[in-house]
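Have a look at the structure below, then the notes.
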Amino acid sequence: MESEVVKEKIHTEPILNDPRYITLLSLIVLAVTLIFWWIFSRRYTLRNSVLLMGLSDSGKTLLFVRLAYSQYRQTFTSMKENIEEYITSNKTLKIVDLPGQERLRNKFFEQHKSSAKGIVFVIDSINIQKEIRDVAEYLYTILCDPIIQGNTTPLLILCNKQDQPLAKGSQVIKGLLEKEINLVRVTKSNQLQSVDPSEGNTGSFLGKEGKDFEFSHIRNKVEFAECSANTNDDEKSADIKPLQEWISEALDWNYHYYFFALPTILSIFTHSRYTNVSFC
């Protein structure tokens with residue numbers, strides 16, 4: 001048995017040291033990497049919009065106007081999407097303001113979710129306690145969507161109207177949402193089991209099973225920020241800097257992650273030429 005192992009080593013060592021073998025393997029690795037990069041780049045390029053979502057009267061459209069035109073304009077409840085180009089870091093994105101009315105929101109979300117590079121979910125920080133159930137259910141729908149999960153689309157929960165004295169802070173709102181989404185998750189799970197008991201354990205579960213819901217438990221990166229766009233004074237600059245910074249920086253996360261991970265991937269493949277080659 002030992003002689004057979006020694007014989008295998010003797011036969012494989014010349015192959016491992018053969019420059020032609022190493023060159024061929026390197027070309028294969030390079031080809032696979034380039035194909036993977038092409039697929040990733042194409043998929044990334046197609047996702048070129050930031051969706052502004054949230055309930056009606058949360059301030060989405062005014063934030064849209066502030067981003068697109070850098071000024072105050074009187075806004076009304078949107079019945080269709082508003083779309084405008086937004087330039088950041090020498091790149092052009094589309095800002096898409098989706099209607100927040102319950103009968104319209106899902107329709108427009110379905111139309112635009114595949115192109116979403118990021119989602120900004122706008123919350124009325126004054127009325128959040130009154131609207132908590134509706135907000136939680138809407139967020140739950142977004143976070144459970146297969147396309148949003150598959151693309152690991154980053155989400156910014158933007159707590160608007162912070163210039164008002166009764167506005168809740170972002171950390172308070174985060175705690176309220178986690179508790180309410182936990183309740184929504186239980187309700188949805190029970191509804192699913194009542195329709196088809198076999199689906200209870202096979203459906204997509206948001207978060208970690210056996211634990212109360214937390215945003216840190218899901219694959220999508222979720223961040224919170226505070227802002228205020230609701231001022232009639234054009235000379236006063238609206239406090240939307242956290243939103244602008246998030247659009248400029250956080251949306252490149254997937255690209256940067258892959259860009260910096262690529263050398264590691266290549267080194268693993270290259271290293272495998274010497275350490276992981278096996279012959280049967």
Label-to-label distance, nm, for residues given as Q164 and K211 (7 Å Cα→Cβ offset): 3.4 nm
Whole-Hz couplings from phi, Karplus 6.51/-1.76/1.60, listed for the stretch 123-133; x for Gly and Pro: 10, 7, 5, 7, 9, 4, 5, 6, 9, 4, 5
Sequence-distant residues sharing a close amide H with T88 (under 5 Å, placed H): L93
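Beta carbons within 10 angstrom, averaged per residue: use that to sort the peptides 117-127, 135-145, 77-87, highest first. If you can, show how the numbers build up before the last one.
Working: 117-127: 23.5, 135-145: 20.1, 77-87: 13.4.
In descending order of packing, they fall as 117-127, 135-145, 77-87.
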Built amide H within the under 5 Å cut-off of N48, gap 5+: K117
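At 4 °C and 1.567 mPa s, what whole-number value in µm²/s does Stokes-Einstein give for the translational diffusion of the stretch 69-223, with Rh from the Kirkwood sum over Cα pairs? Could you put the intermediate results ahead of the total?
Working: Rh = 17.2 Å.
Rounded to a whole number, D works out at 75 µm²/s.
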Inter-label distance, nm, simple model (7 Å from Cα along the C-beta direction), Q74/S204: 4.2 nm
5 angstrom amide H check on I126, placed H, neighbours 5+ away: K168
Sequence ranges 172-181, 149-158, ranked by mean other-Cβ count within 10 angstrom, highest first: 149-158, 172-181
By accessible area with a 1.4 Å probe, ligands and nucleic acids excluded, highest first: order of K91, K168, K113: K91, K168, K113
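The values are calculated or read from the model by the stated rules, or taken from the named source; none is laboratory data. For clarity, every value in this text was computed on a predicted model and none was experimentally measured. All Cβ positions, glycine included, derive from the backbone under ideal geometry; neighbour counts span all protein chains shown. Side chains included, ligands, DNA and RNA excluded: accessible areas come from the protein's heavy atoms. Shrake-Rupley method; radii C 1.70, N 1.55, O 1.52, S 1.80 Å.
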